[in-house]
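Scroll down for the structure; my scribbles are underneath it.
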Amino acid sequence: MAQFQPVRGTHDLLPDDFARFRKVVETARDAAALYGYREMATPIFEFTDVFARSMGETSDAVSKEMYAINDRGGENLALRPEYTAGICRAFISNGQQQNVPFKAFAWGPMFRYERPQKGRQRQFHQIDVEVIGSPEPQADVEVITLAADILRRLGILDKCTLLLNTLGDPESRAAYRDALVAYFSAHKDKLSEDSLKRLEKNPLRILDSKDAGDRELVANAPLIDDYLTPGALAFFTAVKQGLTLAGVPFQVDPRLVRGLDYYTHTAFEFVTTHLGAQGAVIAGGRYDGLIQQLGGPATPGIGWAGGIERLVLLSDPQPQEAEIVAIVPIGEAAEAEAVKLAAELRAANIAVELAYKGNAGKRLKRADKLGCAKAVIFGDDEIAKGIVKLKDLKAGSETELARSDLAAKLA
């Protein structure tokens, strides 16, 4: 019988891997709390329309990559390919309009059917930050500063570059869209098949094309700077000034865009050259039209997402695990006493490893393999005297102390 293997595009997080994974999540969670973001979660599947409306039915994430499910009740559902849409849906359906600005931190698994690659599987994980209900450029500055702070706490900010651009207000964006349609229409014969489809519906997405021929055309395409209204320009200036005051360096990238119509103003990415071609680590933008597109009232929003697997690869965090104390009983009476002692120490928040069987030598060998710092050894004589032997497994030294003093000594 053939052995089962993980489904292509998925991977197991064994204890050592998960410890590094958890370190990234905890670092991000702790930093977000300092900025006033509260943790939340949404279901990993939603009605398909939540994502189709929010990401665009013609986007690759919806048309090619989304895991769609028709359940037994006939409902059309989808595993979430990203977090923003679900959080915005939760904002609307839970009546959070009176709690703005709504500042949320979340993390969890996402699902996209795409070619597995370094740091991105078909089931992958993201940390996510959203601010809903704040139209001020200060919100943009804060979410970007938070992202930079998380990268700094992970020790990788110096490996990343912040790319920044503006998509302008709706008036700016409409004028820019018309300019792009005019420009690319004059070069239809050189556009890829995908970009021809995008030309009428979503011309900004041509700027993201990876096709070599498209890239040559994009190099000479109009820039949005020439189409910004005074208000849009002032907003972008305020964001840049705020980031400068916050000490967050950036580079303006006029080709950085978000293709969907509800995106406005700020677009940004933290990119790195340390992960090969897939260089985006954290990416986000302002989505002032999304809540309304999902059926809610017109409500501004901005947020970002970061791939946890990529952050682990880039930072290789080494979490500090709690020191584990091994209990090594010798003899039948000590076996029973060990169960009581383990319960007492765990009640005092001391991590304990208690092997189920084996002589003292085997248990000490296992304790060493697990990286235990100390071992508590006792047999009939120690029980009679009310003492234990405390062995430092790293130094090799051993001391005797009263059983009643053990918890205080280990705390």
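The values are calculated or read from the model by the stated rules, or taken from the named source; none is laboratory data. Note that the structure is predicted; figures quoted are calculated from it, not measured. All Cβ positions, glycine included, derive from the backbone under ideal geometry; neighbour counts span all protein chains shown. Calculation scope for accessible area: heavy atoms of the full protein, side chains included, ligands and nucleic acids excluded. Shrake-Rupley method; radii C 1.70, N 1.55, O 1.52, S 1.80 Å.
Which numbered condition in (1) more than 16 Å from the chain's Cα centre (by Cα); (2) aliphatic (A, V, I, L, M); (3) over 25 Å from S404 (Cα atoms) is the only one that A283 fails?
(1)
Suppose we keep only residues that are part of a loop (DSSP other than H, G, I, E, B) and touching a residue at least 24 places away in the same chain (Cβ under 8 Å) within segment 179-216. Which one would you say is most open to solvent (accessible area, probe 1.4 Å)?
Just the residues of segment 179-216 that are part of a loop (DSSP other than H, G, I, E, B), to begin with: 186-187, 191-192, 202, 209-211.
Subset that is touching a residue at least 24 places away in the same chain (Cβ under 8 Å): 187, 191, 202.
Values: H187: 51, L191: 16, N202: 14 Å².
Out of the qualifying residues, it is H187.
Of all residues in segment 112-127, count the ones that are closer than 20 Å to F51 by Cα and part of a loop (DSSP other than H, G, I, E, B).
Going through segment 112-127 one residue at a time, the tally reaches 5.
Free of Cβ contacts under 8 Å to residues at least 24 places away in the same chain and polar (S, T, N, Q): does that describe N94?
Numbers: free of Cβ contacts under 8 Å to residues at least 24 places away in the same chain: yes; polar (S, T, N, Q): yes.
When the stated conditions are applied, N94 passes them.
Scan segment 380-401 residue by residue and report those that are part of a strand (DSSP E or B) and either loosely packed, with under 10 Cβ neighbours inside 10 Å or of a type in the set (S, T, Y) (or both). Please lay out each step first, then the result.
Step one: filter segment 380-401 for residues part of a strand (DSSP E or B), giving 387-392, 398-401.
Answer for segment 380-401, where residues must be part of a strand (DSSP E or B) and either loosely packed, with under 10 Cβ neighbours inside 10 Å or of a type in the set (S, T, Y) (or both): just T399.
Where residues in segment 155-178 are among the aliphatic types (A, V, I, L, M) and open to solvent by less than 20 Å² (accessible area, probe 1.4 Å), which of them is farthest from Q241 (Cα to Cα)? Can you show your working first?
Filtering segment 155-178 for residues among the aliphatic types (A, V, I, L, M) gives 156-157, 162-164, 167, 174-175.
Keeping just the survivors that are open to solvent by less than 20 Å² (accessible area, probe 1.4 Å) gives 156, 162, 164, 167.
Values: I156: 24, L162: 15, L164: 12, L167: 17 Å.
Checked segment 155-178; the qualifying residue farthest from Q241 (Cα to Cα) is I156.
Residues in segment 128-138 that are open to solvent by 10 Å² or more (accessible area, probe 1.4 Å) and either assigned to a helix (DSSP H, G or I) or on the phi < 0 side of the Ramachandran plot (or both): how many? Talk me through it step by step, then tell me what you get.
Here is the first cut: in segment 128-138, the residues open to solvent by 10 Å² or more (accessible area, probe 1.4 Å) are 133-138.
Filter once more, so that each one left must be either assigned to a helix (DSSP H, G or I) or on the phi < 0 side of the Ramachandran plot (or both): 134-138.
The number of residues fulfilling the criteria is 5.
Would you confirm, using the coordinates I've provided, whether E75 is without any contact (Cβ under 8 Å) to a residue 60 or more places away in the chain and more than 22 Å from the chain's Cα centre (by Cα)? Quick ask: steps written out before the conclusion?
Numbers: without any contact (Cβ under 8 Å) to a residue 60 or more places away in the chain: yes; more than 22 Å from the chain's Cα centre (by Cα): yes.
Yes: the conditions hold for E75.
The rows are residues; the columns are (1) in contact with a Ser or Thr (Cβ under 6 Å, 6 or more places away or on another chain); (2) without any contact (Cβ under 8 Å) to a residue 24 or more places away in the chain; (3) of a type in the set (A, V, I, L, M).
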position: A322; (1), (2), (3): no, no, yes
position: V325; (1), (2), (3): no, no, yes
position: K340; (1), (2), (3): no, yes, no
position: E344; (1), (2), (3): no, no, no
position: I350; (1), (2), (3): no, no, yes
position: E353; (1), (2), (3): no, no, no
position: K357; (1), (2), (3): no, yes, no
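From A232, A221, grab the single residue that is touching a Ser or Thr at 6+ places or on another chain (Cβ under 6 Å), at pLDDT 90 or above and of a type in the set (G, A, S). Spell out how you get there, then give the answer.
Numbers: A221 fails: touching a Ser or Thr at 6+ places or on another chain (Cβ under 6 Å).
Every option except A232 fails the conditions.
Mind listing whichever residues of segment 282-314 are charged (D, E, K, R) and under 20 Å from F236 (Cα atoms)? Can you show your working first?
So the first thing to find is which residues in segment 282-314 are charged (D, E, K, R), and the list is 286, 288, 309-310.
Those that are charged (D, E, K, R) and under 20 Å from F236 (Cα atoms): R286, D288.
Pull up segment 261-292, narrow it to residues that are open to solvent by 10 Å² or more (accessible area, probe 1.4 Å) and of a type in the set (D, E, K, R), then point me to the one that is nearest to L151 (Cα to Cα).
It comes out as E269.
Identify all residues within segment 106-127 that are open to solvent by less than 10 Å² (accessible area, probe 1.4 Å) and within 24 Å of V239 (Cβ to Cβ); write none if there are none.
So the first thing to find is which residues in segment 106-127 are open to solvent by less than 10 Å² (accessible area, probe 1.4 Å), and the list is 106, 108, 110, 124, 127.
Selection gives A106, I127.
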